[in-house]
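The next block holds one structure in the form of structure tokens; read it before the comments.
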Amino acid sequence: VLHDLEYRKGAVEMIFSNDVIEMHEHPTRAFSQKPNSSIGVGFKLLKEGQVSAFCSAGNTGAMMVGSLFTLRTVGNLQRPPIAGYFPLKNGNYSLMLDIGANADCKPEVLMQFAELGSLYAKFALNIENPKVGLLNIGEEEEKGNTVAQAAYQLLKNNKKVNFIGNVEGRDLFDGKADVIVTDGFTGNVMFKMGESLYEYAATQGIDDQLINRMNYEVAGGSPIIGVNGNVIVGHGISTPLAIKNMILLAQRQIESNVVNKIKEVF
């Protein structure tokens, strides 16, 4: 397809890979058995420093496995999250993590998500002292399940983050928190509900600046934070517009040098 397009000579380089990890395959097994897949080759190039970022709309599980096995996490980080851009009423975005990589999280993992999200918001989103909120079913300290309650105590005593307490679902669009911490199960449900709301609004001819930015194409992708490299995961149904915006997101992340800033801290 690229041969039929007009682009500046040298702007695009094609690198051969003779295999693909399908969406239905087991991520760990497929990544190890298919080193010449596009995802396997992409991570090899990133680790060797031949590319500055790796973006893919392929198997999300394989992207996580590649991040963990090929790049590895920074410092003592246990489990890297996938971060999502959550639209706000004022036209800006907050950062929600995790949105799908880790369905079950211990309190200590949620605390590390808060630290990672705070650093990412500061250096990649240019928010000087990001407000960090824990997604919960009530504002009070004692609300939520045992994991949320324990995470609250860890965050309350963590001097590395500007913790503002619990945030509820009704707070999310108001920008009460710049960074929203939750497990990957809850975060994924939230984001996919937003996508379906946009799809419904579009069929009804509703043009709203907040709902429009729930369209996955706008951000284009979601960064995997806390690994030794710039990795962006795209939606499996990504359109050309989404792919373009995913590449632009990767460019901004590279220019912010946020990965090295996180490595310095961790």
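The values are calculated or read from the model by the stated rules, or taken from the named source; none is laboratory data. Small disclaimer: the values here were computed from a predicted structure and weren't measured. Don't worry about glycine lacking a Cβ; one is built from the backbone with ideal geometry, like all the others, and counts go over all protein chains shown. The area values use the complete protein model at the heavy-atom level, side chains included, leaving out ligands, DNA and RNA. Shrake-Rupley method; radii C 1.70, N 1.55, O 1.52, S 1.80 Å.
N36: net charge of surrounding residues, Cβ under 12 Å, Lys/Arg +1, Asp/Glu -1, itself excluded?
Numbers: positive: K34, K44; negative: D19.
So the surrounding residues net to +1.
Which order do F69, F16, F191 take by accessible area at a 1.4 Å probe, largest first?
Details: F69 120, F16 165, F191 45 Å².
Listed by decreasing accessible area, they come as F16, F69, F191.
For the range 11-32, list residues with backbone N below 20 Å from a point placed 7 Å from the Cα of K192 toward its Cβ?
Only 22-28 fall inside the zone, counting backbone N under 20 Å.
Among V74, L135, M111, whose Cα sits farthest toward the positive end of the charge dipole of the range 61-166 (+1 at Cβ of Lys/Arg, -1 at Cβ of Asp/Glu, about the Cα centre)?
Positive-most Cα among the choices belongs to V74.
For K159, list the aspartates and glutamates whose Cα falls under 12 Å from its own Cα; do not include residues on the same chain fewer than 8 positions away.
Straight-distance partners of K159: E115.
With a probe of 1.4 Å, find how much accessible area the range 28-120 has per residue, and write the answer as a whole number in Å². Mind dumping the intermediate values first?
Values: 3690 Å² over 93 residues.
In whole numbers, the range 28-120 has 40 Å² accessible per residue.
Treat each spin label as a single point 7 Å out from the Cα along the C-beta direction, and report the V147 to Q78 distance in nm.
Computed distance between label sites V147 and Q78 equals 1.0 nm.
Put +1 on the Cβ of each Lys and Arg and -1 on the Cβ of each Asp and Glu in the range 166-266; which of G187, N257, I243 then has its Cα farthest toward the positive end of the dipole?
The residue sitting most towards the positive pole is N257.
Which whole-number percent is the relative contact order of the range 1-128 (Cα, under 8 Å, 6+ apart)?
Details: 119 pairs, mean separation 19.7, N = 128.
Relative contact order, the range 1-128: 15 percent.
Quote to one decimal, in nm, the extra length available between L241 and K156 on full extension: 0.36 nm per residue of separation minus the C-alpha distance between them.
Values: separation 85, 0.36 × 85 = 30.60 nm, distance 4.07 nm.
Value of the extension gain: 26.5 nm.
Determine the dipole magnitude for the chain: charges of +1 sit on the beta-carbon of Lys and Arg, -1 on that of Asp and Glu, nothing else is charged, the reference point is the Cα centre, and the result goes in debye to the nearest 20.
Details: 24 positive and 28 negative charges, 159 e Å.
Computed about the Cα centre, the dipole is about 760 debye.
If you build a Gaussian network model of the chain, linking Cα atoms that sit under 10 Å apart, which residue out of V41, V132, V227 swings the most?
Checking each option, the largest mean-square fluctuation is seen for V41.
Carbon and sulfur: what percent of the range 1-150's accessible surface (1.4 Å probe)? Intermediate values should be presented prior to the final figure.
Numbers: 4020 of 8140 Å².
Of the solvent-accessible surface of the range 1-150, carbon and sulfur hold 49 percent.
In bins 5 Å wide, starting from 0, what share of all Cα pairs of the range 115-266 does each bin hold, as a percent?
Spelled out per bin, shortest first, that is 2, 9, 15, 18, 20, 17, 12, 6, 2, 0.
In terms of Cα to Cα distance under 14 Å, which aspartates and glutamates are near enough to K244, apart from those fewer than 8 places away along the same chain?
In chain and number order, the partners are E217.
Just to check, using Stokes-Einstein with a Kirkwood Rh over alpha carbon pairs, what's the diffusion coefficient of the chain at 4 °C and 1.567 mPa s in µm²/s? Working shown, then result.
Details: Rh = 19.2 Å.
Answer from the Stokes-Einstein relation: 68 µm²/s.
Taking only C-alpha pairs under 8 Å that are 6+ residues apart, what is the relative contact order of the range 33-108 in percent?
20
Given 0.36 nm per residue, what is the gain on full extension from F185 to L45 after removing their alpha carbon distance, in nm? Walk me through the numbers on the way to the answer.
Details: separation 140, 0.36 × 140 = 50.40 nm, distance 3.09 nm.
Between F185 and L45, full extension yields an extra 47.3 nm.
For D207, D174, D19, give the ranking by accessible area with the largest first, probe 1.4 Å. Write down the numbers at each step before the final one.
Numbers: D207 130, D174 90, D19 60 Å².
If we order D207, D174, D19 from most to least accessible, we get D207, D174, D19.
Would you be so kind as to identify which of V147, A121, M96 lies farthest towards the positive end of the dipole of the range 84-195, taking Lys and Arg as +1 and Asp and Glu as -1 on Cβ and the Cα centre as origin?
Result: A121.
I want the antiparallel fraction of DSSP beta bridges within the chain, as a percent rounded to 5. Show your work: numbers first, answer last.
Values: 9 of 25 bridges.
Taking every DSSP beta bridge within the chain, about 35 percent pair in antiparallel fashion.
Which residue, G184, G66, G138, has the most motion in a Gaussian network model of the chain that connects Cα atoms within less than 10 Å?
Answer for the Gaussian network model of the chain: G138.
Could you grab the relative contact order for the chain? Cα pairs under 8 Å, six or more apart, rounded to a whole percent. Kindly include the intermediate steps, with their values, before the conclusion.
Working: 499 pairs, mean separation 61.8, N = 266.
It rounds to 23 percent for the chain.
Say the cut-off is 32 Å between C-alpha atoms; which of K34/K122; K47/K143; K143/K192; K106/K192 go over it?
With Cα atoms farther than 32 Å apart: K34/K122; K47/K143.
Please check: in the Gaussian network model of the chain (C-alpha springs, under 10 Å), which one of Q149, Q209, Q112 has the largest mean-square fluctuation.
It is Q209.
Rounded to a whole number, what % of the accessible area of the range 167-266 do carbon and sulfur atoms account for, probe 1.4 Å? Before the final figure, lay out each step's value.
Working: 2750 of 4800 Å².
Carbon and sulfur: 57 percent of the exposed surface of the range 167-266.
Using a basic spin-label model with each label point 7 Å from the Cα along Cα→Cβ, how many nm lie between M23 and I164?
Here the modelled spin labels are 3.6 nm apart.
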